[in-house]
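Worksheet for the structure shown next.
No lab work stands behind these numbers, since they all come straight from the coordinates. Treat the numbers as computed from the prediction; the structure is a model and nothing was measured. Cβ atoms come from the backbone with ideal geometry, glycine included; neighbour counts cover every protein chain shown.
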């Protein structure tokens with residue numbers, strides 16, 4: 001759906017049931033599929049898709065939406081994240097459990113394991129946290145109690161080593 005048509009429907013959604021139906025028909029299944037792919041069985045994709053359309057009824061857009069599908073998917077992600085935060089319960093541990101990091105346990109693909117074994121253990125852990133877990137350099141530095149510069153240098157060197165083996 002083009003952005004102009006989407007914005008016209010969005011402005012009329014509270015007063016015109018045909019506008020709501022057209023948006024619902026165009027985007028409900030896409031939102032549901034996106035939520036299911038992104039969050040799996042953690043939450044109900046139907047509930048989130050319904051929440052998105054309920055919020056569209058009360059929404060007063062301040063400006064035109066340029067990318068309607070992206071905007072709706074972000075709205076669905078925000079609803080899902082809010083729901084997960086509400087369900088989150090803190091569980092107090094009686095002791096701090098430290099599990100040693102191992103590439104064999106963290107990465108299942110054997111070819112990647114073989115390449116990453118050419119790195120020193122700290123660089124393996126840094127690359128894992130950066131690439132697979134999505135940590136920033138600053139977060140990795142705080143987690144491993146090293147400087148951010150050290151993390152940047154190790155990531156750069158590790159990428160060069162990995163590039164040579166690939």
What is the helix-to-structure angle for 3-12, meaning the angle in degrees between its Cα long axis and the longest Cα principal axis of the chain, kept from 0 to 90 and rounded to the nearest 10? 60
Between residue 163 and residue 18, Cβ-based FRET efficiency (R0 35 Å, step 0.05) works out to 0.05
In degrees, nearest 10, the alpha-carbon axis of helix 45-58 is tilted away from the dominant principal axis of the alpha carbons of the chain by 50
Tell me which label goes with the value of Cα extents along the principal axes in Å computed from the coordinates here: (i) 44, 35, 31; (ii) 63, 44, 30; (iii) 53, 36, 28. (ii)
In degrees rounded to 10, the 0-90 angle between helix 68-87 Cα long axis and the longest Cα principal axis of the chain is 70
State the extension gain, in nm to one decimal, for the chain segment bounded by residue 78 and residue 29, taking 0.36 nm per residue of separation less the distance between their alpha-carbons. 15.9 nm
Taking 0.36 nm per residue of sequence separation and subtracting the Cα-Cα distance, how much length would be gained by fully extending the chain between residue 118 and residue 62, in nm to one decimal? 14.8 nm
Find the centroid of the Cα atoms in the range 1-68 and in the range 70-89, then give the distance between the two in whole Å. 14
